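Presented below is the structure to which this report refers.
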Amino acid sequence: MRVAIAGAGAVGRSIARELIENGHQVLLIDRNPEAIKQERVPNAEWLLADCCEMSSLEEARLDKCDVVIAATGDDKANLVTSLLAKTEFGVPRTVGRVNHPHNEWLFTEAWGVDVNVSTPRIMSALVEEAVTVGDLVRLFTFRQGNANLVEMTLPDDSPYVGKPAGLVPFPENCALVTILRDGQVYPPSDEQPLESGDELLFVVGADSEAELEQMLAPHQH
């Protein structure tokens, strides 16, 4: 897979290293000459260019990329890069980094962003996930499907403690993805019982979240 990353700062370089280790071809783009330090990610391609300029993106051959990641520290640049990648070059998948939470509402398909990644949201979700029992914690939003990856730690007084997953009447537009228990990952087979303290991961439509939360933890909601 060929991936272009706009922004060769610490975030962009970290993403590049991870993708290269997984066998992908990576191009790092940055307009700051001081950021172009090939020795930091020697197996990546590098391009000194402005990712908001059409001529730069043509030079980067974005039409040959499978994914474009807009990972600069400037939300405006990330939006423009995503929009150009999607509308002008037909890139199948775009990922936009959100630096400031109040801009997150802009990072949608309307701006060419398939997936947005908000560091403040991720950090707050991890804090909530670590201390919250019986509440849904939204971990990730899938823009194209209008669905979210959510987590709930099943409380002691849930009516479904001890029930096999296959007998739990989950709402429509909701799928149990996995069960985390005692450091182990359990597939959500029909026979797998739910236990108090299980961390349940779901992909669920936004309009079904409240129903799911009420069903699994009615005493708290």
Q | Per-peptide average of other Cβ atoms within 10 Å, ordering 25-34, 186-195 highest first | A | 25-34, 186-195
Q) With the chain treated as a Gaussian network of Cα nodes joined by springs under 10 Å, which of LYS86, LYS37, LYS64 yields the largest mean-square fluctuation? A) LYS37
(Q) Given 20 °C and 1.002 mPa s, compute D for the chain with the Stokes-Einstein relation, Rh being the Kirkwood radius over Cα pairs; round to the nearest whole µm²/s. (A) 112
Q: Would you work out the charge dipole size for the range 156-221 about its Cα centre, treating the Cβ of every Lys and Arg as +1 and the Cβ of every Asp and Glu as -1, and quote it to the nearest 20 debye?
A: 120
Q. Given springs between every Cα pair under 10 Å in a Gaussian network model of the chain, which of VAL204, VAL137, VAL11 has the largest fluctuation?
A. VAL11
Q) Hey, what number do you get for the chain at 222 nm if only DSSP H runs of n ≥ 4 count, each worth -39500 (n - 2.57), divided across all residues, to the nearest 500? A) -7000 deg cm²/dmol
Q | Dipole of the chain [Lys/Arg +1, Asp/Glu -1 at C-beta], most positive-end residue of ILE179, VAL91, ALA206 | A | VAL91
Q | Cα centre as origin, Lys/Arg/Asp/Glu Cβ charges: the range 39-119 dipole, Debye | A | 180
Q.
Can you tell me the length gained on complete extension of the stretch ARG40 to GLU195, counting 0.36 nm per residue apart and subtracting the Cα distance?
A. 51.2 nm
Q: Calculate what fraction, in whole %, of the accessible area of the chain sits on carbon and sulfur atoms when a 1.4 Å probe is rolled over the protein chains.
A: 52
Q | Per residue Cα convex hull volume in Å³ - calculated over the range 11-57 | A | 71
Q: Please get the size of the charge dipole for the chain, origin at its Cα centre, with Cβ charges of +1 on Lys and Arg and -1 on Asp and Glu, quoted in debye to the nearest 20.
A: 820
Q. Once both labels are modelled 7 Å past Cα along the beta-carbon direction, what's the GLN184-ASP157 spacing in nm?
A. 3.0
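The values are calculated or read from the model by the stated rules, or taken from the named source; none is laboratory data. Note that this is a predicted model, so its numbers are computed, not measured. With ideal geometry, Cβ positions are generated from the backbone for all residues, glycine too; neighbour counts draw on all protein chains shown. Side chains included, ligands, DNA and RNA excluded: accessible areas come from the protein's heavy atoms. Shrake-Rupley method; radii C 1.70, N 1.55, O 1.52, S 1.80 Å.
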